Ligand SMILES: Nc1ncnc2c1ncn2[C@@H]1O[C@H](COP(=O)(O)OP(=O)(O)O)[C@@H](O)[C@H]1O
Ligand SMILES: [Mg+2]
């Protein structure tokens with residue numbers, strides 16, 4: 001069986017090395033070490049690696065349906081992506097809020113951005129959700145770029161992610177925009193992530209919403225003129241639009257916000273006509289999304305709280321990070337592939353962690369990422385063995401779950 005793997009080589013800011021030269025060097029290096037699929041190798045500061053001045057990070061992609069836990073380069077076709085990260089901070093488009101203060105109506109980030117490094121690799125879902133989303137998005141962009149007639153093959157370039165809070169919707173949109181920019185690097189020189197702040201656009205006390213919508217979109221329209229830039233527009237938490245609209249419909253707030261919501265939807269429809277634009281929307285409320293443009297979303301992906309295996313991956317990376325910085329001493333966990341493939345019987349620590357994962361079912365990705373911190377802060381003095389740390393994590397999970405039950409009762 002022949003597999004494909006994507007390998008990204010993130011160059012340092014000042015590197016002037018040729019693509020071919022660095023690919024040869026990195027390939028030789030990877031052959032000598034043990035490489036896991038979906039992993040990140042930090043080269044920065046590693047003076048024993050000969051190309052450390054040229055390379056910041058190497059990102060090894062996933063290999064769908066691969067049954068080995070290590071990458072075997074002998075029967076792999078490698079797709080190389082060599083690029084530099086943009087280190088500029090996000091640019092905030094601010095406006096006066098009418099009360100001597102300022103609000104941010106949109107945020108722009110040039111892609112690929114250093115701010116989003118590793119985000120994709122650290123989001124874990126089952127069933128190839130990420131790979132499929134990337135393929136959908138890539139196909140959308142290729143079709144529109146080639147001028148496929150939208151009336152024949154419907155494709156609006158709108159992706160909606162929905163699900164409970166803390167399931168990684170916002171992060172996944174941003175990470176997807178970054179990945180897409182990298183993967184389509186030959187077609188687009190760079191990308192821009194344009195995050196529209198729906199909350200401040202539709203804040204209840206704000207009467208200038210109409211003008212603000214226009215300001216946001218005049219900026220977007222400026223940017224999309226450059227067809228070499230991939231423009232990803234993120235409308236986060238679109239339920240706030242639906243909320244504004246419903247309030248008008250029910251007459252609770254007889255203002256002009258319904259016009260504003262409609263203006264926003266019209267603007268979205270217009271920018272969608274440009275072949276270099278992709279629109280992401282997220283919503284925390286699954287039941288009440290009935291907005292006009294949501295119906296036009298080509299892809300609606302539900303994201304739920306992580307499964308046991310996904311939880312294991314989150315904890316595994318957290319614990320390895322703490323082992324790396326010496327907060328946890330003595331101990332090693334089995335990678336998830338061993339467990340999935342039943343490669344060998346899990347170690348005592350691995351079994352313990354699996355047990356903690358079972359207990360953590362129902363927690364969101366956001367809550368999971370706090371558990372190692374809580375474990376250390378609440379139940380441990382200083383550095384600890386892996387076994388002690390797992391004991392503390394278990395206590396932290398039990399506490400978190402009981403807190404949540406308590407909060408639910410108060411609702
Ligand atoms: N499936 C997941 N795997 C790993 N981390 C996750 C997952 N879901 C959420 N997280 C983490 O939780 C945090 C919050 O995610 P966010 O994107 O803000 O969620 P949402 O937009 O759905 O509320 C992020 O730090 C993210 O890394
Ligand atoms: Mg969010």
Inset, instruction - Rank 61, 45, 168 by mean-square fluctuation in a GNM of the chain with C-alpha springs under 10 angstrom and give only the top-ranked residue. - result: 45
Legend entry - Gain in span if fully extended, residue 295 to residue 27, counting 0.36 nm per residue against the direct Cα distance: 91.9 nm
Inset, instruction - Sort 117, 85 so the one with the fewest other Cβ atoms within 10 Å of its own Cβ comes first. - result: 117, 85
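Do the sum for the chain: with -39,500 (n - 2.57) for every DSSP H run of n ≥ 4, divided by all residues, what is the mean residue ellipticity at 222 nm, to the nearest 500 deg cm²/dmol?
Details: 13 runs with 171 residues, N = 411.
Value at 222 nm, helices only, nearest 500: -13000 deg cm²/dmol.
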Legend entry - Size of the chain as Cα extents on the principal axes (Å, biggest first): 63, 58, 44
Inset, instruction - Would you mind telling me the antiparallel percentage of the DSSP bridges in segment 91-302, rounded to 5? - result: 35 percent
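Taking 0.36 nm per residue of separation and subtracting the Cα-Cα distance, what length does fully extending residue 150 through residue 42 add?
On the way: separation 108, 0.36 × 108 = 38.88 nm, distance 4.28 nm.
Here the segment from residue 150 to residue 42 would lengthen by 34.6 nm.
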Legend entry - Degrees between helix 365-379 axis and first principal axis of the chain (Cα, 0 to 90, nearest 10): 50 degrees
Inset, instruction - From the C-alpha gyration tensor of segment 26-116, pull out the three semi-axes of the equivalent ellipsoid (sqrt of 5λ each), sorted largest to smallest, in whole Å. - result: 40, 17, 10
Legend entry - Whole-angstrom Cα spans of segment 308-410 along principal axes, big to small: 45, 32, 19
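How many percent of DSSP beta bridges within the chain run antiparallel, rounded to 5? Walk me through the intermediate numbers first.
Values: 21 of 54 bridges.
In the chain, approximately 40 percent of DSSP beta bridges are antiparallel ones.
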Inset, instruction - From zero up to wherever the largest Cα-Cα distance of segment 1-69 sits, split into 5 Å bins and tell me the percent of pairs in each. - result: 3, 15, 27, 26, 14, 9, 5, 1
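Values in this text are rule-based calculations from the coordinates and carry no lab data. Just so it is clear, the model here is predicted, and its values are computed rather than measured. Ideal geometry is used to build each Cβ from the backbone, glycine not excepted, and the neighbour counts take in all protein chains shown.
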